[in-house]
Amino acid sequence: MTLLAVERIKLLTTRSPWWCMLLALGLTIGLTALISANWTGPLPVVGAVFTHTFGLYVVMVMAALAVTTEYRFGTIKATFQAVPDRISPMIAKAVVVMLLAGLVGEAAAFGSWGVSWLLADDTSQLALTTANDWRHVAGVGLVYAAGALLALGVGALVRQTAGAVSIILVFALVIESVVGFIPNIGDDIQKWMPFTVAGKFVLGDPDPSPIPDGAGPLAVGELSPWGSFAYFAGIALVIFVISLVVVKRRDA
């Protein structure tokens, strides 16, 4: 509990997490407001959370900063001197960052859904009446938490803010899109890219057949919605475990 309190204090007494949280909420809710205000016809639940990826990237930057700034200013050395095993403080940091990211994700998702209720002309499809509807909205927090764990692992491996942020954003925004253009195998590879699969968990429908083309959620494909989340979370956990091994072995 002491380590959790220490990591909470270190995270929330700096400005960057607060700015990142405000930006994540502002982007997701603000863009959803624009979409809802200009949407014609009934707005589906997935339309209310379609912009969740913008907030996800900001939250991942926040998670990376949680560890890279400690390396930048040398505070990580004091932490490792106080707790020589190094693993415990990193796990405590992960718990705090993931909890905060999950809360931001839920606030962004339900805030976007609420704004859609206020601004959309037709809210007949916005009611949360099924398990899938709840997954579309409440599932955003889970993706944010898993994404934060992944970003924390990348930050611990790279140790530099610019490098960690570049890797996260370039991979998510560029590589996952470009890989689809590889002849013959591009589409097959793209289906298994982590952020693509994470998007299927939030937006995907296990039975998209009754939905008109272009009017509904994405098809899940090979994995079930929860299988998609397990896949994304598993990748995040692997990256974080690798970072623990590297942090344990190298100099601070």
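The values are calculated or read from the model by the stated rules, or taken from the named source; none is laboratory data. In this text, all values refer to a predicted model and were calculated from it rather than measured experimentally. With ideal geometry, Cβ positions are generated from the backbone for all residues, glycine too; neighbour counts draw on all protein chains shown. Each accessible area value is taken on the protein alone, full model and side chains, heavy atoms only, with ligands, DNA and RNA left out. Shrake-Rupley method; radii C 1.70, N 1.55, O 1.52, S 1.80 Å.
Taking first residues from the stretch 121-134 that are over 16 Å from residue 33 (Cα atoms) and partners that are surrounded by 15 or more Cβ atoms within 10 Å (Cβ to Cβ) and among the aliphatic types (A, V, I, L, M), the Cβ contacts under 8 Å between residues at least 6 apart in sequence or on separate chains come to 125/43; 125/45; 128/45; 128/137; 133/45; 134/128. In this structure, does residue 138 turn out to be crowded, with 19+ Cβ neighbours inside 10 Å, among the hydrophobic types (A, V, I, L, M, F, W, C) and touching a helix residue (DSSP H, G or I) at 6+ places or on another chain (Cβ under 9 Å)? Here the answer is no, as residue 138 does not meet what is asked. Under 6 Å between Cβ atoms, at least 6 apart or on separate chains: pull out the pairs that start in the stretch 32-50 with a residue that is under 12 Å from residue 124 (Cβ atoms) and end on any residue that is in a helix (DSSP H, G or I) and not small (Gly, Ala, Ser). Cβ pairs passing all conditions: 45/133; 45/136.
The residues in the stretch 52-106 that are open to solvent by 50 Å² or more (accessible area, probe 1.4 Å) and more than 21 Å from residue 236 (Cα to Cα) can be counted, and the count is 9. Count of the stretch 158-189 residues, restricted to those that are free of Cβ contacts under 8 Å to residues at least 40 places away in the same chain, under 28 Å from residue 244 (Cα atoms) and either polar (S, T, N, Q) or open to solvent by 90 Å² or more (accessible area, probe 1.4 Å) (or both), is 1. Exactly one residue out of 216, 221 is assigned to a loop (DSSP other than H, G, I, E, B), at pLDDT below 90 and in contact with a strand residue (DSSP E or B) (Cβ under 9 Å, 6 or more places away or on another chain): that is 216.
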